[in-house]
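Notes for the one structure printed next.
The values are calculated or read from the model by the stated rules, or taken from the named source; none is laboratory data. Every value quoted in this text rests on a predicted model; they were computed, and no experiment measured them. Reconstructed Cβ throughout: ideal geometry from the backbone, glycine too, with neighbour counts over all protein chains shown. Just the protein is used for accessible areas: all its heavy atoms, side chains included, with ligands, DNA and RNA removed. Shrake-Rupley method; radii C 1.70, N 1.55, O 1.52, S 1.80 Å.
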Amino acid sequence: MRRKLCLPVWRCRCIALAVVVAVLVPARSVARETARQAGVMGVISGQVVDAVTVQPLPDARVTLEPRGAGVINSGRRASAFLSGMRVVRTDTAGWYRFEDVANGEYRLHVALVGYHPATLDIEVRGAATPQVSIGLLVDPIELSPIEVSMPARATRADDGGAVGGPAGSETDELRLWIERLRQQRFLAPDVRTLTQEDVIEAVTLGETDLFRALQRLGGVSAPDAWSAQLWVRGAPWDQTRVYFDGLPLFNPLHAGGILSAITPDAIGTAFLYRGVPPVSLGGGAAGTVDVRSRPSRAEAGDLRLAGALSLASARFSLDRTPADGDGGWTTTWRRSYLDWLTEVIEGLGGGDDVAIPYYFYDITTHAGDGSRTGRGFEVSTLLEYDNVAGDIPDVLHRTVGSWGDAAAQITYYAPIAGLQTRHTVGFSGFSSNIRPAPGSPELEEDYNAPAAAQSYSGIWYLTAGGAIEPRATSAPGGSWALGYELVGRHMRYDGLEPAWYTDPYLSGPRARLDGTLITGVLWGERRWAPSAELTIDAGLRLEAGTAVRNGGAVRWMPRLAARYQLDADSWISAAIGRSYQYAQAVVPAGVALRGFDTAYFWLLAGEDAPAARSDIATLGFERWLDTRWLAAVSLYLRRTTGVAIPDPTPGSAIGRPLFVVGRNLARGAEFSIRRLAGRWTFSAAYALGASEIEAAGLRFPAPADRRHTFDATTMLRLGRGWRLGAAYTIESGAPYTRRSYGVRSCGDGYDVECDWVVEPQAGPPGAQRASSHQALDLLLDWTHLGDDWAVGFFFQLRNALNHRNQGRYLRLDPHSCVRSCGVINGVEFGYEERDEFEIGIPILPLFGFRIAF
């Protein structure tokens, strides 16, 4: 029976393997005996730890080789043919040991899934016993499915069913290690780290999208199925701050909010903080998304290209790593192409009004050097841009505009006296520039969409700062970090006076607003373990500068988190903290797309404008049910004061202030269970919450309040590169305030003064609630790996059950036709007053292709 394991197709390989074993084992024994007789044997030992948390890393692969014998390739298809190479694994405490090491010069390699590999040169003289401890840095995990980074043998192991190792395939091992790493770095279970597999399993819209994957998590929802915005625990999108390499992005969305403007190919790691944010970032009033750009993933000395084509866009990434494997650069490009395609169709006689005069693109770069020595630099940039010029029936009319975000940072880091330092200079900003295009007002009804008015909106953020913390080997009992920052913010708006209602056809009063806010920041954090079971994180962020309403000139932001380990697989945690958010989006102020927000009027905090101050408390429990299943429960309470909202008083909307100041109280519970490894994976999350606002003497449900949300995703590996996925969502409808736009009477001509015949009205705030939303999304994905290339495609079916979901609330239509309508003897019939919503996503097939080499 044993001979049958060596099949004819593998016979040569089996024989070769037997020869190698027969030669190397005796040769190593002879060499060891010779060295022992000469009396020149030594021992090399040490510990492998996480460079950030200083926690031991078990099961790391440690390789010892004579210097100059060869190079270990840690890339996608690693191979090494080394003379005298020895390999061990670290134990549960992270320790490794090589005995009977002959005198000479050696190279020590350390590798662990989820971390950057490390290489050290050491020398053994006499019977010396060098002790070399090594700290590994987290290796960012690519989120894009087009970036195929797992070895071909891992995929074939999936096909075979039985796989080696504690977690199955290397993809499973990676996912589990990332989750273990998340538990080491963050004490509360409501912090989530997303991997490539998480995003694929989420079945995002048309192409890989980070924000839409985050919407599948407990306590996170969206305005509707079209939107990639994040409503975190009953708070609107502007209260979730998105950071890209430490810089805030103020509108990281494309296509009126349908797609994330951060291409997945550029993302290394992504963390979502639904509770207490880290003191180093400051954070948003309700949530913080911390996105880090990825370094080059090309093998040493190689150039790597990958690309993908979906119905939404075409994109590619290019990676380059120098021959020494130290540093490298990567760049990503993405652009929509429907403007080109529809122009061609229209030119070939496809009919009028086929062309879509809109496109978007985004470009990112990342470059670094010196990651192995602890001294070097890192540079990253992001540019995302949207442009429209013309008419789109039922969407916009006579509009020329562009808007987008830009960000750039450069960081220098260096070790000093046993400490690690880094210093960063960065810039980010958003601008929206809109103007009307020539056209005839008589065509407005044909387009059923508003014409643009001249407007400009922009907000900018400048920062210079740094941090200092101990290197991994110098802080065995805990970790700490100190940081400083100088931040300047400026906003400017020039356009129609912002208002909660839209006047889509005619000009109104104009407003010019600007503001500047300068703050100096000092922050510090400390982690220690009073006992083996208890871990405590404490931090403080101090900001001083321009005085702001609801905060004064000096703002304190403390943070405290603790976790107690009940047993080997269970933890209970608690956290409290405070954050300030200085920019709030009061009303939309960009291109007027029906039912979509392309930009916002950003209100910058100052003496007359409030800063949103959030005080957050969380309580969590987390348990590994076995090696693959993880369950978690989180309770939260958030109180936010200084929230700038539209005046909620019922009645006429004319003459209202730009905003009123209120406070938001949100509380709830979230439950989740996940299966992270195996032939099939699964995730389910249920959230029960309530979010209310108090303002102008009224108390009402917040517009982002969803009382119940449930999300479930699953992925089944069918073998030979095929995967089948499904995602299901059901959630309560969001509250809305009934409103009407009113009627105006104007004289002859265009852009003339008009009088209100019927004033726009607002009903009681949050008195109505939309119907519940539910959808089943399906995915079929195939990937084939060659020796140096990979190809694949995917097919999605959105809203497979064709559930008739509502989109965003628009207005109260007093003359809506609900059945056969007409006029008999001057009497209308079939019309009634009805709330008008955008149409939700119907049953929708989508597909795409990808290639990498």
What's the Kirkwood radius of the range 718-842 in Å, using all Cα pairs? 19.5
Quick one: if you stick a label point 7 Å off each Cα along the C-beta vector at E694 and L534, how many nm between them? 3.5
Order of 800-813, 572-585 by packing, highest average Cβ count within 10 Å first? 572-585, 800-813
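Run the numbers for I410 and R182: contour at 0.36 nm per residue of separation, minus the present Cα-Cα distance, in nm. Don't skip to the end; give the middle numbers.
Details: separation 228, 0.36 × 228 = 82.08 nm, distance 2.63 nm.
In short, 79.4 nm is gained.
Can you work out the FRET efficiency for the pair H423 and L780, with r the C-beta to C-beta distance and R0 = 41 Å, to the nearest 0.05? Could you put the intermediate results ahead of the total?
Working: r = 48 Å, r/R0 = 1.17.
Calculated value: 0.30.
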How do 690-700, 204-214 rank on mean C-beta neighbours within 10 Å, highest first? 204-214, 690-700
HN-Hα J in Hz across the range 184-190 - Karplus 6.51, -1.76, 1.60, θ = phi - 60°, x for Gly and Pro: 6, 7, 10, 7, 8, x, 7
Given labels modelled 7 Å from the Cα in the Cβ direction, how far is it in nm from L348 to W756? 5.2
In order through the range 86-100: 3J(HN,Hα) via Karplus (6.51 cos²θ - 1.76 cosθ + 1.60), integer Hz, x for Gly, Pro: 10, 10, 9, 10, 5, 7, 5, 9, x, 8, 10, 7, 10, 9, 6
Which whole-Hz couplings ³J(HN,Hα) result when phi for each residue of the range 606-621 is put into the Karplus expression 6.51 cos²θ - 1.76 cosθ + 1.60, θ = phi - 60°, listed in order with x for Gly and Pro? x, 5, 9, 10, x, 8, 7, 9, 10, 10, 10, 10, 9, 9, x, 9
The range 643-752 accessible area per residue, 1.4 Å probe, protein heavy atoms, integer Å², reads 43
Cut-off under 5 Å, modelled amide H: who pairs with F847 long-range: L311, Q796
Ranked order, W95, W624, W556, W756 - accessible area, probe 1.4 Å, largest first: W556, W95, W756, W624
Leaving out ligands, DNA and RNA, and with a 1.4 Å probe, what % of the accessible surface on the range 264-392 is carbon or sulfur? 60
Relative contact order for the range 716-850 using alpha-carbon pairs under 8 Å, separation at least 6, rounded to a whole percent? 23
Roughly how many Å is it from the Cα centre of the range 305-343 to that of the range 515-584, as a whole number? 38
Under 5 Å, built H, 5+ apart or other chain: amide partners of D302: T321
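Can you tell me the length gained on complete extension of the stretch L637 to F847, counting 0.36 nm per residue apart and subtracting the Cα distance?
Values: separation 210, 0.36 × 210 = 75.60 nm, distance 4.11 nm.
Gain in length upon complete extension: 71.5 nm.
Stretched out fully, how many nm does the piece from F671 to L120 gain, at 0.36 nm a residue minus the Cα gap? Each step should come with its number before you reach the end.
Values: separation 551, 0.36 × 551 = 198.36 nm, distance 4.43 nm.
Once the chain is fully extended between F671 and L120, it gains 193.9 nm.
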Would you be so kind as to identify which of V344, V354, L311 lies farthest towards the positive end of the dipole of the range 263-364, taking Lys and Arg as +1 and Asp and Glu as -1 on Cβ and the Cα centre as origin? L311
What's the ranking of 834-847, 284-297, 705-718 by average number of surrounding C-beta atoms within 10 Å, highest first? 284-297, 705-718, 834-847
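Of all the accessible heavy-atom surface of the range 717-853, with the other protein chains kept in place and a 1.4 Å probe, what percent is carbon and sulfur? Spell out each step's value before the answer.
Values: 4260 of 7710 Å².
The value for the range 717-853 is 55 percent carbon and sulfur by accessible area.
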What nm distance separates the two modelled labels at Y337 and E836, each placed 7 Å from Cα along Cα→Cβ? 3.6
